[in-house]
Amino acid sequence: MPASATPGTTVKEPPTGAVRARPSRASSGAGRPGLGWAVPGLLFFTLFAIIPMLLVVALSFTSWQGLGLPEWTGGANWSRLWEDPEMRQAIWLSVLLTGLSWLFQTPVALLLGVWAAGPQRNRAVLSAIFFLPLLASSVALALLWKSLLDPNFGLIADIGPYIGFPDGNLLGDPQGAFAAVLFVASWQFIPFHTLLYQGGARQIPKSLYDAAYVDGAGTVRQFFSVTLPQLKNTVITSSVLMVVGALTFFDTVLILTEGGPGTDTTIVPFLMYTTGFDAFDMGYASAIATILVAIATGVSLLLVRLTGFSAMRSTREGM
């Protein structure tokens, strides 16, 4: 009996090998990053995104030529915005370019991504060659294609008669210039979306294909019944990036067509540029920029909302 025990009482000894309870990691907060880790990112985003956007919104209510102090004009720029036929045309062209870009890029990138995820021979080498346009800048590629589409010295002078342009002046035709912008932009960015689909396709369990094969499904049926449903979240992610990229597309139009012929390829970002840096009407250009940001943000949120992507449920849940 221990010395401290009084007569008539029983002292229970702790069991041999008992381990003292320790506070859980959840209760102690161990392993959870502190709020301080987010400060650099929040500071960077505030300085280079939030504050510039607020300044642009403020400038949209002023008249400013880039020098001196802005002059407050109230809603004059916004009233002009709704009545400007060039702005309405630019919005229509931007919407058309966005829709056609999605229709053209999505099936091509999806099929290439699924193929690149397979075990075909020489797949890695061919994929690396195909992804090369993604490594070059948009300006360099636009200059390259402008040389190829030169009606005097470019490749288009030889193949133009076979595609409906006997003089080779593809960029001088409204439909031809728009098609050139669409093709060049898609040609450059399809490899990026192909990478997304390649990564998504590699995450699909082989057991799903084995089960489909046992049920008698061929390659085409497996694609529509297994591959495509499993890539739903990847399709949504790619679509959001594609829409935002097309709505803010600028440099290729500047180099390749300069908004022409006339204003037939003048999309909203290019109109914003010419208004601000050619006409030096910074106030009206700021109103155009504000509308562009609002449209791109609204379309992205609408896509996420309508597709249910905000839930972010895994397609492999329960496997």
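The values are calculated or read from the model by the stated rules, or taken from the named source; none is laboratory data. As the structure is a prediction and not an experimental result, all values here were calculated from the model. Please note: Cβ atoms are built from the backbone with ideal geometry, for glycine as well, and neighbour counts cover all protein chains shown.
Points to keep in mind about this one:
- Residue match in the range 218-232 (condition: out of contact with any helix residue (DSSP H, G or I) (no Cβ under 7 Å at 6 or more places or on another chain), surrounded by fewer than 20 Cβ atoms within 10 Å (Cβ to Cβ), of a type in the set (Gly, Ala, Ser) and not in a helix (DSSP H, G or I)): yes
- Filter pass, Gly176 being of a type in the set (Gly, Ala, Ser) and surrounded by 17 or more Cβ atoms within 10 Å (Cβ to Cβ): yes
- Of the residues making up the range 133-161, just one is assigned to a loop (DSSP other than H, G, I, E, B), within 23 Å of Phe192 (Cβ to Cβ) and not hydrophobic (A, V, I, L, M, F, W, C), namely Ser137.
- Filter pass, Ala296 being under 28 Å from Ser63 (Cβ atoms), modelled with pLDDT under 90, surrounded by 15 or more Cβ atoms within 10 Å (Cβ to Cβ) and not acidic (Asp, Glu): yes
- Residue check for Ile156: surrounded by 15 or more Cβ atoms within 10 Å (Cβ to Cβ) and within 21 Å of the chain's Cα centre (by Cα): no
- Scan the range 264-293 for residues that are closer than 30 Å to Gly176 by Cβ, surrounded by 15 or more Cβ atoms within 10 Å (Cβ to Cβ) and of a type outside the set (Ser, Thr, Tyr) and the total you get is 13.
- Enumeration of residues in the range 233-282 that are in a loop (DSSP other than H, G, I, E, B) and either within 22 Å of the chain's Cα centre (by Cα) or within 24 Å of Gly298 (Cα to Cα) (or both): Thr248, Phe249, Phe250, Thr265, Thr266, Ile267
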